[in-house]
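I have placed the structure first, in the form of structure tokens, so that the comments after it can refer back to it.
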Amino acid sequence: MAADPRIFIRERAAELGFGVCRFASASDPWSAGEQLQYFVEQGRHGDMGWMETTLERRSHPTAMWDGARTAIVLGMNYGPETDPRPELAKASNGYISVYARGDDYHEVIKGRLKILAGQIAARLGQEVKVFVDTAPLMEKPLAQRAGLGWQGKHTNLLSRTHGNWLFLGTILTAAEIKPDEAESEHCGRCTACLDACPTGAFPAPFQIDARRCLSYLTIEYAGPWPIEFRTATGNRIYGCDDCLAACPWNKFAQGASEARLHARDALKSPPLAELLTLDDAAFRALFSKSPVKRIGRDRFLRNVLYAAGNSSDLTLVAPVTSLLDDPASVVRGAAIWALSRLDPERFETERQTRAATESDPVARAEWSDGGA
Ligand code: B12
Ligand code: SF4
Ligand code: SF4
């Protein structure tokens with residue numbers, strides 16, 4: 001009898017730093033595709049148009065690759081050393097979400113997945129394809145089916161062994177490999193994540209409206225935000241961890257073992273005063289290899305300005321005022337709002353000299369709303 005290929009694959013995965021490696025059928029039917037369709041029909045994906053255009057392929061692994069038979073689902077732990085929530089009280093410093101404080105996980109995981117996929121292809125003699133996040137594949141329901149954990153009421157995948165801090169990566173193969181047992185849900189009557197969300201982004205347990213999620217707004221959404229979210233963001237300037245960090249299953253979480261995922265000192269609670277002075281080159285240097293770099297300096301500065309507007313820190317009035325002349329309209333608009341919150345008198349003075357000559361519609365709207 002041939003050896004179970006799962007043993008070889010799990011050993012290689014562990015050598016490459018994956019904390020968990022499990023197997024699921026990639027071809028059995030599921031209801032996740034219909035739920036995705038519902039999510040998109042309700043408009044909950046917001047401006048993430050790629051979810052709409054890839055809907056069909058995204059709805060099931062075989063819709064993307066007809067030959068897929070087995071999903072090899074991998075998890076890499078990125079647990080923080082300490083509970084990050086106390087950092088939300090430091091109003092003069094920005095909060096960057098835990099997942100983005102080290103090197104970009106796409107790069108870290110993709111490289112490892114490619115090595116593992118090569119080893120599997122050589123061993124099994126069957127085709128394999130590698131996915132991490134960016135491919136049109138629903139990774140969380142696949143991970144649940146493979147038994148890595150379950151999708152909690154906050155919709156993320158959590159596990160009894162790793163808590164909530166687990167990146168996912170998937171290898172699909174044409175090989176038929178015996179599946180592992182699926183995990184069942186262990187949320188019970190807990191609602192900690194739903195209660196913790198600062199923006200009410202959960203229309204119901206196990207459902208998210210991305211348009212209300214600060215992770216979406218800070219990272220995916222390019223324009224000026226509705227006012228309610230600007231205040232709700234507090235000092236969160238890239239991503240949000242509140243629903244993950246609130247979960248009682250984190251008592252089983254451990255710190256990330258992969259050194260490239262460890263938090264860099266410069267990205268733990270960086271002072272807003274320093275971030276407000278970043279030009280494009282300084283932004284790129286600070287966020288070299290970090291996922292934050294992907295959103296670009298202008299969107300990032302918008303986020304930092306909203307946080308400055310919430311800070312009540314009068315030492316930020318000067319750097320915020322300098323950004324009223326920024327070439328990027330989204331930055332100017334956010335600077336106007338931040339100034340109106342920090343120093344209403346200075347805002348009035350600036351408005352009198354600037355509003356009439358402002359030609360950009362975004363900035364004009366901010367001046368005339370008076371910071372709303
Ligand atoms: C789009 C996306 C987002 C969007 C939407 C979030 C979401 N929950 O889908 C935004 C930008 C908001 C986002 C935020 C974050 N993301 Co994200 N994201 C993705 C991405 C690219 C696709 C997810 C997707 O398909 N969503 C579509 C919806 C429909 O899927 P779903 O929420 O899982 O829906 C299920 C249930 O909610 C339920 N359901 C949904 N609607 C309905 C309706 C009814 C009536 C019913 C009954 C059920 C139901 O069934 C669905 C199927 O199981 C994945 C990577 C991937 N390719 O899978 C990463 C991914 C989910 N993200 C990840 C991370 C880390 C985050 C953040 C933690 C980052 C941060 N700190 O800021 C936050 C967490 C926010 C949150 N609470 O979810 C990780 C999660 C890892 C894990 N352990 O789960 C992933 C898997 C990336 C990765 N490879 O590691 N993300
Ligand atoms: S990431 Fe933050 S804003 Fe988004 S659902 Fe979770 S708690 Fe709410
Ligand atoms: S906080 Fe509670 S409800 Fe939310 S995912 Fe964790 S156990 Fe489930």
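Computed from the coordinates by the stated procedures, all read-outs in this text should not be read as laboratory data. This is a predicted model, so every value here is computed, not measured. No Cβ is skipped: glycine too gets one built from the backbone with ideal geometry, and neighbour counts run over all protein chains shown.
Every residue, every condition in (1) more than 28 Å from HIS186 (Cα to Cα); (2) part of a loop (DSSP other than H, G, I, E, B); (3) within 13 Å of ligand 1 (Cβ to nearest atom), yes or no:
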| position | (1), (2), (3) |
| --- | --- |
| ASP66 | yes, yes, no |
| ALA91 | yes, yes, no |
| LEU116 | yes, no, no |
| GLN119 | yes, no, no |
| ALA122 | yes, no, no |
| PRO136 | no, yes, yes |
| LYS140 | no, no, yes |
| ALA143 | no, no, yes |
| LYS153 | no, yes, yes |
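Of a type in the set (Val, Ile, Thr) and under 24 Å from the mean Cα position of the chain (by Cα): does that describe THR53?
Yes; evaluated as a whole, the condition is true for this residue.
Taken over segment 140-194, residues that are basic (Lys, Arg), out of contact with any Cys (no Cβ under 7 Å at 6 or more places or on another chain) and within 16 Å of ligand 2 (Cβ to nearest atom) amount to 1. Of the residues making up segment 143-158, those that are closer than 24 Å to ILE177 by Cα, crowded, with 22+ Cβ neighbours inside 10 Å and of a type in the set (Gly, Ala, Ser) are ALA143, ALA146, GLY149. How many residues are of a type outside the set (Ser, Thr, Tyr) and outside any loop (DSSP other than H, G, I, E, B) if we restrict to segment 190-235? Number satisfying all stated conditions: 19.
In segment 173-189, what residues are more than 16 Å from ligand 3 (Cβ to nearest atom) and either in a loop (DSSP other than H, G, I, E, B) or touching a Phe, Trp or Tyr at 6+ places or on another chain (Cβ under 6 Å) (or both)? Before you say what the answer is, go through the steps one by one.
Within segment 173-189, the subset more than 16 Å from ligand 3 (Cβ to nearest atom) is 173-182.
Scanning segment 173-189 gives ALA174, ALA175, GLU176, ILE177, LYS178, PRO179, ASP180, GLU181, ALA182.
Of all residues in segment 188-215, those that are farther than 12 Å from CYS240 by Cα and acidic (Asp, Glu) have Cβ atoms under 8 Å from Cβ atoms of residues that are assigned to a loop (DSSP other than H, G, I, E, B) and more than 12 Å from ligand 3 (Cβ to nearest atom), 6 or more apart or on another chain, in ASP209/GLN42; ASP209/ARG44; ASP209/ALA201; ASP209/PRO203.
Check whether at least one residue in segment 31-45 is of a type outside the set (A, V, I, L, M, F, W, C), under 27 Å from ASP104 (Cα atoms) and surrounded by 16 or more Cβ atoms within 10 Å (Cβ to Cβ), and report yes or no. Checked segment 31-45: at least one residue is of a type outside the set (A, V, I, L, M, F, W, C), under 27 Å from ASP104 (Cα atoms) and surrounded by 16 or more Cβ atoms within 10 Å (Cβ to Cβ).
Taken together, ALA334, ALA338, ALA285, ALA253 contain a single residue that is within 30 Å of GLY111 (Cα to Cα) and away from ligand 1 (no atom under 16 Å from the Cβ), which is ALA285. If I filter segment 157-168 for residues that are out of contact with any Ser or Thr (no Cβ under 6 Å at 6 or more places or on another chain), more than 15 Å from ligand 3 (Cβ to nearest atom) and under 28 Å from ALA256 (Cβ atoms), do I get at least one hit? Yes, segment 157-168 has at least one match.
When restricted to residues that are closer than 24 Å to GLY163 by Cβ and of a type in the set (A, V, I, L, M, F, W, C), segment 5-37 contains 9. If you check ALA365, ALA338, ALA356 for being free of Cβ contacts under 8 Å to residues at least 12 places away in the same chain, part of a helix (DSSP H, G or I) and of a type in the set (Gly, Ala, Ser), only one passes: ALA356. Cβ-Cβ contacts under 6 Å between residues 6 or more apart (or on different chains), taken from a first residue in segment 171-183 that is touching a residue at least 24 places away in the same chain (Cβ under 8 Å) and within 20 Å of LYS140 (Cβ to Cβ) to a second residue that is outside any strand (DSSP E or B) and basic (Lys, Arg), are listed as ALA182/ARG145.
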